[in-house]
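Chemist: One structure follows; several queries about it will come next.
The values are calculated or read from the model by the stated rules, or taken from the named source; none is laboratory data. Bear in mind that the values here come from a model prediction, so they are computed numbers and not experimental data. Just so you know, the surface numbers come from the protein's heavy atoms only, side chains and all, with ligands and any DNA or RNA stripped out. Shrake-Rupley method; radii C 1.70, N 1.55, O 1.52, S 1.80 Å.
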Amino acid sequence: MDIKKREQPKNVVDKWTCLDAVVMLDLAQVERQQGNVEKSQQWAETGLQETKKWKRVGACDNCQAHLLSHLAHLSESQDNVKEALGYYSLAIKHFQDTGTGNMEQMDTASRQLKQRLLESTK
């Protein structure tokens, strides 16, 4: 009896792979500009989850860096220092792991926020 093995479908990575997450980032930015912080955060968090489906895919890594930055700035604008520092840390680690994003900008923003926090407790 000749049984043919069924090939498992392969994940196809192409230029459209992270398009959903890119659109979600755009929607998050629009919502923030319109003052809808909660919706902005929801879109960004959903987009972040989408980017995590594809490891070591340049478009997704880049989009993830932008989403982490957006979430950090959004949290900071809402005076949620702990959450903002967490997102900055994730963005820095993401850069170290993938080389995408703006590590210098995230590191500077994180240090400035920590300094502001120290000054507010004096």
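Chemist: Of the cross-linked pairs K55/K114; K39/K82; K93/K114, which ones have a Cα-Cα span greater than 25 Å in the structure shown? Intermediate values should be presented prior to the final figure.
Modeler: Details: K55/K114 31 Å; K39/K82 20 Å; K93/K114 17 Å.
From the list (K55/K114; K39/K82; K93/K114), the Cα-Cα distance tops 25 Å for K55/K114.
Chemist: Computed over the Cα atoms, what is the radius of gyration of the range 47-116 divided by 2.2 N^0.38 Å, N being its residue count? It would help to have the intermediate numbers written out before the result.
Modeler: On the way: Rg = 11.7 Å, N = 70, 2.2 N^0.38 = 11.1 Å.
The reported ratio for this selection is 1.05.
Chemist: Rank these by accessible area, largest first, 1.4 Å probe: H73, H66, H94.
Modeler: H66, H73, H94
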